[in-house]
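Asker: Pasting a structure here, questions to come.
The values are calculated or read from the model by the stated rules, or taken from the named source; none is laboratory data. All of these numbers come straight from a predicted model, not from anything done at the bench. Every residue, glycine among them, receives a Cβ derived from its backbone with ideal geometry; neighbour counts consider all protein chains shown. Ligands, DNA and RNA are excluded from the accessible area calculation, which covers all protein heavy atoms including side chains. Shrake-Rupley method; radii C 1.70, N 1.55, O 1.52, S 1.80 Å.
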Amino acid sequence: MKVGGVPYRAIFTEGDGTEVRVIDQTVLPHRFETIRMETTADAARAIRDMVVRGAPLIGATAAYGVALAMRADPSDDSLAEAIAMLGATRPTAVNLRWALDAVGTLLRGLPPGERTVAAYDFAGRLCEDDVRTNRSIGDFGLGIFEQIARQAGVGGSRGDRQLNVMTHCNAGWLATVDWGTATAPVYLAHDQGLPVHVWVRETRPRFQGAGLTAWELGQHGIPHTVVSDSAAGHLLSRGKVDVVIVGTDRTTAAGDVANKVGTYPLALAARDNGVPFYVAVPSPSIDWSIEDGAEIPIEERDADEVTRVWGVDGDGVERWVRVVPEGTRAANYAFDVTPRRLVTGIVTERGVCGAGGLGGLFGR
Ligand code: MRU
């Protein structure tokens, strides 16, 4: 996707191909900056502090984090340390474990002298696969959008009717290598002339919707409106949303969906109002080892993310401000689990299925 007309990916290499750079998502939308990761510790910090975030990008960053370790020292100990350090960063997105398991298995089977090249090659392929996967999710998701648009009369004689899509958090290109998952069909719809408008939930406490999704959509010229998370029920009940589509950090084999906290109440409100609720699920986000969403570890982050907000004041000065009485205790659950019964359909790179249909789609 483009930033100011220049094509970017959320993670990329430069120089001789071993220097790894990411977009710093902690300063968007107020500043666009990239950061170079020099060491595995840099990669781990970037994941933990959410310089990079979003399940697919966490997996890609971890893969490059291992490559950086191999560049410094390709020994068995260094490999084990890197995998342990990166694996301890964030617990919910299963893409992290998926990427580390795969790169660990590959590298342990190679002599140390071959590991650096193999690790960079692995990370590069993972990124290319991610782009292809998301593009394919976009194609299948677009098919759903087109069908809903036809039923809703979008693009018909009343030329003012747009397809109103609601999303939560940022499952856009910033959360992946490119395209995004939930946003891929939005970008394709827009590019192909289907009039689409996105309701962007702000996504407290870290504002990935207000700060990141709104920025992304704005860069691409896609009409969007930011609303508070709590406005969703009202919009759904007034017929202002045609379809909801969100991403996932981990979807179980049976189709229970962990995603950014607030997704579950959104799914409840969508169901109560008869609005289809889709989840964009790239296969690395499927945890085939569990069926029940209650087994998914839910990350609890620092309470500061709830008690303070960051923004720009009228003079253009960036500030943190406290929004609760001083000393107030806060809890910060970062994800929730939407039970499969509330999911209309899952959009994968292999096609669309009901929440119980993942096994059939992937031959598991
Ligand atoms: O805490 P975050 O910002 O990493 O959470 C991100 C989400 O919940 C996304 O919806 C999910 O990772 C899917 S990204 C394609």
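Asker: Per residue, what accessible area does the stretch 48-135 have, given a 1.4 Å probe and all protein chains present, in Å²?
Answerer: In whole numbers, the stretch 48-135 has 39 Å² accessible per residue.
Asker: Also: Which one of 87, 11, 54 has its Cα pushed farthest toward the positive end of the charge dipole of the stretch 1-95, where Lys and Arg give +1 and Asp and Glu give -1 at the Cβ?
Answerer: 54
Asker: For the stretch 264-364, what's the relative contact order in percent, using C-alpha pairs closer than 8 Å and at least 6 residues apart?
Answerer: Contact order relative to length: 34 percent.
Asker: So what are the chain's ellipsoid semi-axes, whole angstrom, largest first, if each one is the square root of 5 times an eigenvalue of the alpha-carbon gyration tensor?
Answerer: Three semi-axes, in Å: 32, 24, 20.
Asker: Do the sum for the chain: with -39,500 (n - 2.57) for every DSSP H run of n ≥ 4, divided by all residues, what is the mean residue ellipticity at 222 nm, to the nearest 500 deg cm²/dmol?
Answerer: Helix contribution divided over all residues of the chain: -11000 deg cm²/dmol.
Asker: Can you tell me the 0 to 90 degree angle between the C-alpha axis of helix 94-108 and the longest principal axis of the chain, rounded to 10?
Answerer: 30
Asker: Here is a follow-up. Based on a Kirkwood Rh over C-alpha pairs, give the Stokes-Einstein translational diffusion coefficient of the stretch 54-179 at 25 °C and viscosity 0.890 mPa s in µm²/s.
Answerer: Rounded to a whole number, D works out at 148 µm²/s.
Asker: Continuing with this model, one more query. From the phi of every residue in the stretch 55-70, what ³J(HN,Hα) in whole Hz does the Karplus formula 6.51 cos²θ - 1.76 cosθ + 1.60 yield, where θ is phi - 60° and glycine or proline is x?
Answerer: 3, x, 6, 4, x, 5, 5, 5, 4, 5, x, 5, 4, 5, 5, 5
Asker: Most mobile of 138, 314, 113 per a Gaussian network model of the chain (Cα springs, under 10 Å)?
Answerer: Ranking 138, 314, 113 by mean-square fluctuation puts 314 first.
Asker: Test of understanding: in a Gaussian network model of the chain with alpha carbons linked when under 10 Å, which of 311, 209, 345 would top the mean-square fluctuation ranking?
Answerer: Fluctuation is largest for 311.
Asker: If you average the C-alpha positions of the stretch 36-96 and of the stretch 114-161 separately, how far apart do those two centres end up, in angstrom?
Answerer: 26
Asker: Residues with amide H under 5 Å of residue 180's amide H, sequence separation 5 or more or different chain, H placed in the peptide plane at 1.01 Å from N; which?
Answerer: Sorted by chain and number, the residues that satisfy this are 173.
Asker: At 0.36 nm per residue, minus the direct Cα-Cα distance, what do residue 19 and residue 152 gain on full extension? Give it in nm, one decimal, please.
Answerer: Extending this stretch completely gives an extra 43.1 nm.
Asker: How high is the relative contact order of the chain, in percent, counting Cα pairs under 8 Å that sit 6 or more residues apart?
Answerer: Once divided by the residue count of the chain, the mean separation gives 16 percent.
Asker: Next question, about the same structure. For the stretch 1-106, what percent of Cα pairs sit more than 25 Å apart?
Answerer: Result for the distance tail: 17 percent.
Asker: Here's a follow-up. May I ask you to give the solvent-accessible area per residue for the stretch 180-312, in square angstrom, as obtained with a 1.4 angstrom probe?
Answerer: Averaged over the residues of the stretch 180-312, the accessible area is 34 Å².
Asker: Can you give me the long-range amide H partners of residue 287? Hydrogens built in the peptide plane at 1.01 Å from N, cutoff under 5 Å, separation of 5 or more residues or another chain.
Answerer: Under 5 Å from the amide H of residue 287: 251, 252, 253.
Asker: Here's another thing I want to ask about it. Calculate how many DSSP beta bridges within the chain are antiparallel, expressed in % of all such bridges and rounded to the nearest 5.
Answerer: Here the share of antiparallel DSSP bridges comes out near 55 percent.
Asker: Quick one: 3J(HN,Hα) in Hz for the stretch 297-304, Karplus 6.51/-1.76/1.60 with θ = phi - 60°, rounded, Gly and Pro as x.
Answerer: x, 9, 5, 10, 9, 4, 4, 4
Asker: Which one, 312, 355, 328, projects farthest toward the positive side of the charge dipole computed for the stretch 305-364 from Cβ point charges (K/R +1, D/E -1)?
Answerer: The listed residue farthest towards the positive side: 355.
Asker: Would you kindly compute the Cα radius of gyration of the stretch 251-361 and its largest Cα-Cα separation (Dmax), both in Å?
Answerer: Considering the stretch 251-361 through its Cα atoms, Rg and Dmax are 18.0, 56 Å.
Asker: Quick one: dipole size for the chain, taken about the Cα centre, charges +1 on Lys/Arg Cβ and -1 on Asp/Glu Cβ, in debye to the nearest 20.
Answerer: 1080
Asker: Could you tell me how many degrees, from 0 to 90 and to the nearest 10, lie between the Cα long axis of helix 76-87 and the main elongation axis, the longest principal axis, of the Cα atoms of the chain?
Answerer: That helix lies at roughly 20 degrees to the long axis.
Asker: Compute the projected area of the convex hull of the Cα atoms of the stretch 201-247, averaged over all viewing directions, and report it in nm² to one decimal place.
Answerer: Projected over every direction and averaged, the Cα hull of the stretch 201-247 covers 3.5 nm².
Asker: Once the dipole of the stretch 132-282 is set up with Lys and Arg at +1 and Asp and Glu at -1 on Cβ about the Cα centre, which of 187, 140, 208 lies farthest towards its positive end?
Answerer: 208
Asker: As an exercise, identify the chymotrypsin sites (Phe, Trp or Tyr not before Pro) in the stretch 263-364 lying in DSSP coil whose Cβ has no more than 16 other Cβ atoms within 10 Å.
Answerer: The qualifying sites are 288.
Asker: Expressed as a whole percentage, what fraction of the accessible surface of the chain belongs to carbon and sulfur atoms when a 1.4 Å probe is rolled over the protein heavy atoms?
Answerer: Looking at the chain in its full context, I get 49 percent from C and S.
Asker: Could you give each residue of the stretch 279-289 its phi-based ³J(HN,Hα) in whole Hz, using Karplus coefficients 6.51, -1.76, 1.60 with θ = phi - 60°, and x for Gly or Pro?
Answerer: For the stretch 279-289, the Karplus curve yields 10, 8, 10, x, 4, x, 8, 8, 9, 6, 7 Hz.
Asker: What residues have an amide H closer than 5 Å to that of residue 227, excluding those fewer than 5 places away on the same chain, when H is modeled at 1.01 Å from N in the peptide plane?
Answerer: Those qualifying (amide H under 5 Å, at least 5 residues apart or on another chain) are 200, 201, 202.
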